[in-house]
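Written out below as structure tokens is the structure these notes cover.
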Amino acid sequence: MKIINLLCGSIGYTLPATLGIKIADKHRRNVLLIGEDALQLTVQALSTIISEHLIPVIFIINNDGYKIDRKIHGKTALYNDVKTNNVTTSSELKRY
């Protein structure tokens, strides 16, 4: 099963969708590619993933802001300039 977010109105959808899939089938292997800013919008799902001992593979892509909005609203829209975050590495999360 593939879950692909193609709608700009649902930025951050894929992390909670991955959570739902893992709850439905804990033995299924899930791989998520998500931008750092989309992750920020639904990061609370990561807390549930950790507390439920679910183990998806998550790649956090640093694309320096809201890429879909840059495409739609222009490259120079100031709200797209987001400070780079220091995201926890997977090796630190692996112990859960």
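Things to note:
- Residue count for the stretch 11-37 satisfying the condition of being in a helix (DSSP H, G or I), open to solvent by 20 Å² or more (accessible area, probe 1.4 Å) and touching a residue at least 12 places away in the same chain (Cβ under 8 Å): 5.
- One residue stands out in the stretch 1-10 among those that are within 17 Å of Gly35 (Cβ to Cβ) and exposed (fewer than 12 other Cβ atoms within 10 Å of the Cβ): the one that is modelled with the highest pLDDT, namely Ile4.
- Any hit, the stretch 53-68, residues being in contact with a helix residue (DSSP H, G or I) (Cβ under 6 Å, 6 or more places away or on another chain), assigned to a helix (DSSP H, G or I) and modelled with pLDDT under 85: yes
The values are calculated or read from the model by the stated rules, or taken from the named source; none is laboratory data. Keep in mind it's a predicted model, so treat the numbers as computed, not measured. So basically every Cβ, Gly included, is an ideal-geometry build from the backbone, and we count neighbours across all protein chains shown. Accessible surface areas use protein heavy atoms only, side chains included; no ligands, DNA or RNA. Shrake-Rupley method; radii C 1.70, N 1.55, O 1.52, S 1.80 Å.
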